[in-house]
Amino acid sequence: MDTAFNYQRFAAHRSLADTAGDLLASFEVSTKVGFFPDGHDLSPERLRAAVRKIPEELGCVPSTVLLHNPECSADGFEEACTTLSEMRDAGYCRAWGFSSWDPRSLADRDWPVPRPDLVMVRAGLSVPAPVLDAAGRLVRRVGARAVWGMAPFGGDAAGPLWSEIDTSLFLAPGQQASRVQAGVAAAWVVPVVERLAVGTSSPTHLEEIVQAESLTVSTSTVDRYRALLRRRAERADTAS
């Protein structure tokens, strides 16, 4: 289960605990810190206070705490990573890392940071080539032990884009799937991720998404697609 300190107007942790009750301890809970009522802040003091507050509100220790969009305050990235690593070692979570929507401002610096347990990045067919490539460079630079994906539909699976694209083209032959399922399947490999965070308020949609995990994606089609994305981005850079 993926959430964040600032979701639901900073009430997400309490809401989750109230709804799930004792069942919450049976789940792995990933959450994020970095946004506060007055804006984005990666100062160690505020991060420590936020991380200490999470188990109190959830009623259990989260499995993972991530820096939330550290590119918004990149100058504080090094200290923030060290702070979360220390909070993990102090027992406030079992793993730490960061979640980045657009890692381009982070990708090309040699950050002397502790090795993160994981990095969460955008995944799926809607992610621009420069963002995908930057995510790959950043993951390699920091030596992340695992990579998770998020937002396979760019935040809106009902958007007009997804009614126009035949996502089944990305599946290996001989499989039947809805456009949503094929889009989710592609997100597992664009880029390759170990887990995929997908938001939904519909049990039917959730069931459809879960079924997508059993689909096989055509790696050759994905490779061609990523090559086309790169060429398109290069042409756009040349034109500008």
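The values are calculated or read from the model by the stated rules, or taken from the named source; none is laboratory data. Keep in mind it's a predicted model, so treat the numbers as computed, not measured. For neighbour counting, all protein chains shown are included, and Cβ atoms are generated from backbone atoms with ideal geometry for every residue, glycine included. We work out accessible area using only protein heavy atoms, side chains counted, and drop any ligands, DNA or RNA first. Shrake-Rupley method; radii C 1.70, N 1.55, O 1.52, S 1.80 Å.
Some values worked out for this structure:
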quantity	calculated
Only listed residue being farther than 23 Å from Glu28 by Cβ and surrounded by fewer than 14 Cβ atoms within 10 Å (Cβ to Cβ), chosen from Arg115, Arg104, Arg94, Arg140	Arg140
Among (1) at pLDDT 90 or above; (2) assigned to a helix (DSSP H, G or I); (3) surrounded by fewer than 16 Cβ atoms within 10 Å (Cβ to Cβ) - the single one Ala236 does not satisfy	(1)
Residue in the stretch 146-161 that is most open to solvent (accessible area, probe 1.4 Å), counting only those that are among the small types (Gly, Ala, Ser) and assigned to a loop (DSSP other than H, G, I, E, B)	Ala158
Residue match in the stretch 58-67 (condition: under 30 Å from Asp223 (Cα atoms), out of contact with any Ser or Thr (no Cβ under 6 Å at 6 or more places or on another chain) and open to solvent by 10 Å² or more (accessible area, probe 1.4 Å))	no
Qualifying residue in the stretch 31-50 (condition: farther than 14 Å from Thr3 by Cβ, open to solvent by 10 Å² or more (accessible area, probe 1.4 Å) and under 17 Å from the mean Cα position of the chain (by Cα))	no
Residues being within 16 Å of Val51 (Cα to Cα) and assigned to a helix (DSSP H, G or I) - total across the stretch 78-120	11
Residue among Glu164, Glu194 that alone is loosely packed, with under 13 Cβ neighbours inside 10 Å, of a type outside the set (Gly, Ala, Ser), under 22 Å from Leu66 (Cα atoms) and out of contact with any Ser or Thr (no Cβ under 6 Å at 6 or more places or on another chain)	Glu194
Criterion: on the phi < 0 side of the Ramachandran plot, aliphatic (A, V, I, L, M) and modelled with pLDDT under 90 - qualifying residue of Ala129, Ala158	Ala158
Residue match in the stretch 28-37 (condition: among the β-branched types (Val, Ile, Thr) and without any contact (Cβ under 8 Å) to a residue 12 or more places away in the chain)	no
